[in-house]
Amino acid sequence: VLCCPGLAAGLSSWPVQGTDSRGDAYVIGQRPQRVVSLVPEITEILIAIDAADALVGITKHTVAPEVAQKKVVGGFLSPEIQQIESLKPDLILAADLHHDVRDYFQDKCPILTLNVFSIEDAMDRLTLLGRIFGREKAVDGIIAKNRGQLDLVAQKVAAIPAEKRQRVVRLMGFNNLVVPGDNSFQNDFIRAAGAIAPEFGKKGQAVTITLEEWKGFDPQAVYFCGAGELPEILSAEGVKEVSAVQDGRLYSFSCDLTCRAGINIGNFVTLLAGRIYGGALADLSRQVDSDKPSTCVLDEK
């Protein structure tokens, strides 16, 4: 989990120090000026808190006017080390999978890996980034808005009896049964929406499950990311026998919502709860920012 024991409550100046998600200690003595962000949701956060001026490099997965002139250093899965080095960064924001980047820059530039496994981890990461970039007030506003949306959803779903809570799976594979692990933030989204997330005894951001595990959980609703195309795996023998497929309760959301634990957590949980339960929760859609990525519903209705 995200762990920053060196950050004292109320800290509002540099240095900022602590331990990142990998257990690596860091000390940031002043506001970074030349940052390469290899994590799209972190780039999104920096834009939202008005810290994009510090960015010099991003991945191709971020398309926004605030970073239109920034250097693209490849994709999230395959950043280009030489491109990163040419930017002379004073901080690199990376993910676990960026082993090559970490190995190359470990003695040349500070590298922070800030994973999240829950909504609370995501809030902690927002707070930390606000401190690193001197944008604490902006972060406080984003957190307050998201918590307000989450609290409203919690109030709405509290009235749903336990026997009517829906079993929900976030499908990550289009050609195979890949889902978030038990400790993923995506399953935390499902729980925050008042639904039942699966527990397959497997940890990780993405794990493969068996057909027997899929049918044993028997999801009543399935969602995935993309432009609305139905994952091929949902048409396979056995897979299509679960309640969600039989009842046509298949939902497609923007990848910006389903795959990122950043600034839109409240928006997504609100949308998800409304889709899962409808009826009395349908009015939740009014709480979603109209300019944020929305949703496409794939069902018989």
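The values are calculated or read from the model by the stated rules, or taken from the named source; none is laboratory data. For clarity, every value in this text was computed on a predicted model and none was experimentally measured. When we count neighbours, we look across all protein chains shown, and the Cβ atoms used for this are built from the backbone with ideal geometry, even at glycine. Side chains are part of the model used for accessible areas, which takes the heavy atoms of the whole protein and leaves out ligands, DNA and RNA. Shrake-Rupley method; radii C 1.70, N 1.55, O 1.52, S 1.80 Å.
Within the shell defined by Cβ-Cβ distances under 15 Å, the residues around Asp96 carry a net charge of -2, with Lys and Arg each +1 and Asp and Glu each -1. A full extension of the chain between Ser86 and Gln17 corresponds to an added length of 22.2 nm, given 0.36 nm per residue minus the alpha carbon distance.
Based on the convex hull around the alpha carbon atoms, the range 147-226 presents an average projected area of 5.8 nm². Residue order by solvent-accessible surface for Met172, Met123 is Met172, Met123, largest first, with ligands and nucleic acids left out and a 1.4 Å probe. The Rg/Rh ratio for the range 61-167 is 1.10, where Rg is the radius of gyration of the alpha carbons and Rh is the Kirkwood radius. Divide the volume of the convex hull around the Cα atoms of the range 86-130 by the residue count and you get 79 Å³ per residue.
Within a straight-line Cα-Cα reach of under 25 Å, Lys88 can be paired with the following lysines, leaving aside sequence neighbours fewer than 8 residues apart in one chain: Lys60, Lys70, Lys71, Lys108.
Subtracting the Cα-Cα distance of Arg191 and Lys203 from 0.36 nm times their residue separation leaves 2.7 nm of extension gain.
Projected label points at Val27 and Ala227, each 7 Å from Cα along the beta carbon direction, are separated by 5.0 nanometres. From the alpha carbon centroid of the range 10-78 to that of the range 232-258 is 35 Å. With the helix formula -39500 (n - 2.57) applied to DSSP H stretches of n ≥ 4, the chain reaches a computed 222 nm mean residue ellipticity of -9000 deg cm²/dmol.
For the range 106-255, the antiparallel share of DSSP beta bridges with both residues in that region comes to about 20%.
Ligands, DNA and RNA are left out, and with a 1.4 angstrom probe the accessible area of the range 90-182 is 43 Å² per residue. Give me D for the range 202-270 in µm² s⁻¹, whole number, from Stokes-Einstein with Rh from the Kirkwood sum over alpha-carbon pairs, 10 °C and 1.306 mPa s. So the translational diffusion coefficient is about 118 µm²/s.
Residue ranges 28-35, 249-256, 68-75, 184-191 sort as 184-191, 249-256, 28-35, 68-75 when ordered by packing (mean number of other C-beta atoms within 10 Å per residue, highest first).
Of the whole protein surface, Asp218 contributes about 40 Å² of accessible area at a 1.4 Å probe radius. Split the accessible area of the chain by element, probe 1.4 Å, and carbon with sulfur accounts for 49%. Assuming a ≥ b ≥ c are the square roots of the Cα gyration tensor eigenvalues, decide whether the range 16-55 counts as rounded (a/c under 1.5), prolate (otherwise, with a/b larger than b/c) or oblate. It is oblate, given that a/c is not under 1.5 and a/b is not larger than b/c.
Put Glu41, Glu212, Glu80 in order of accessible area, highest first, and with a 1.4 Å probe you get Glu212, Glu80, Glu41.
If you take the beta carbon distance between Asn183 and Thr210 as r and set R0 to 22 Å, what does 1/(1 + (r/R0)^6) give as a FRET efficiency, to the nearest 0.05? Efficiency, from the Cβ-Cβ distance: 0.70.
Seen through its C-alpha gyration tensor, with square-root eigenvalues sorted a ≥ b ≥ c, the chain comes out prolate because a/c lies at 1.5 or above while a/b is bigger than b/c. From the square roots a ≥ b ≥ c of the eigenvalues of the alpha-carbon gyration tensor of the range 52-108, which class results: rounded (a/c under 1.5), prolate (a/b over b/c), or oblate? Prolate, because a/c is 1.5 or more and a/b exceeds b/c. Between helix 119-132 and the chain there is an angle of about 20 degrees, using the helix long axis and the longest principal axis of the Cα atoms.
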